[in-house]
Amino acid sequence: MLPVTHLLYLGAIVFAAGLMMVITKRNAIMVLLGIELMLNAANINLVAFNYQHAHNLDGQLFSLFVIIVAVCETAVGLAIVLRVYQEYQRVVPDQIDELKD
Amino acid sequence: MTIYSFLFYFFEVSAAVAAIAMVFSRHVFYAALFFLVCLLCVAGLYVLAWAEFVAVTQILIYAGGVLVLILFGIMLTAKMGAKPLRVGHGNVVSGALISISFFSLIAYYIYAQFSNATTSGSVLNSSNTVETIGLSLMTSYMLPFEIAGILLLIALIGAAVIASHKSKSA
């Protein structure tokens, strides 16, 4: 039998790592990777709880939809990153502050 | 120790180590490779948790699609022939504080809520997960399925339009 709490702890670790990446990294692609990690942590929790309450497969279906949304988010996010790189020749989020002035 | 629990702990520890290594890695490319390791180990965990369809989808879409997309993004946002970019860290103290406190909060909750409960998973009553998921997608989850298709189409068109748009000043 699979220990479900271990999966929950793993989800917490992965989510904290993704949050840390989003806050500290000074590169837009690293921030996107952090967001992907956080979505992945949510998926781990969904599958773990579906394993615990296995009378239907709602958790797995929900994680499939989370994967689809994550794919859309990555495609649009990378398009925006490429566009910003064409405009400013850099992908550091802190340095793109034209709207602040 | 059975092979089952050995595989479980192996995948779990590898996924956690890869996720933490992503935080400390200075190169975007190495971080993407650690992300691949993390994704594959999590897919292995999904197989062990009787979620084969989610595991295969994870490998196909994440490891096959998203990661290739991110690698293309890394290549297109680097100067040709230059040294690989070292990514700086900002807001380290506040980021570490926020993420560590968030992790402690969730870990305390899990410990308080699930430590004394019997966490034995109930066996799936349907032996064929793929068939059940396919039937659910075509019956009770029909509307979310179609909306997800429309969302994918919109994201595809939007990404193509944003990335190919030439600036007026150039």
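The values are calculated or read from the model by the stated rules, or taken from the named source; none is laboratory data. Just so it is clear, the model here is predicted, and its values are computed rather than measured. Cβ placement follows ideal geometry from the backbone for every residue including glycine, while neighbour counts extend to all protein chains displayed.
Structure data summary
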| quantity | calculated |
| --- | --- |
| Residue in the stretch B:64-82 that is more than 22 Å from A:Leu78 (Cα to Cα) and out of contact with any Asp or Glu (no Cβ under 7 Å at 6 or more places or on another chain) present | no |
| Any hit, the stretch B:41-63, residues being farther than 30 Å from A:Asn50 by Cβ, buried (at least 21 other Cβ atoms within 10 Å of the Cβ), within 21 Å of the chain's Cα centre (by Cα) and facing chain A (nearest Cβ under 7 Å) | no |
| Options B:Val66, B:Val47, B:Val92, B:Val42: the member that is touching a Ser or Thr at 6+ places or on another chain (Cβ under 6 Å) and under 30 Å from B:Leu152 (Cβ atoms) | B:Val66 |
| Hey, B:Ile74 in contact with a helix residue (DSSP H, G or I) (Cβ under 7 Å, 6 or more places away or on another chain) and either at pLDDT 90 or above or more than 7 Å from every other protein chain (Cβ to nearest Cβ) (or both) or not | no |
| Enumeration of residues in the stretch A:52-101 that are more than 8 Å from chain B (Cβ to nearest Cβ), more than 30 Å from B:Phe53 (Cβ to Cβ) and of a type in the set (Asp, Glu) | A:Asp97, A:Glu98, A:Asp101 |
| Checklist (1) facing chain A (nearest Cβ under 10 Å); (2) farther than 18 Å from A:Val22 by Cα applied to B:Phe24, failing item | (2) |
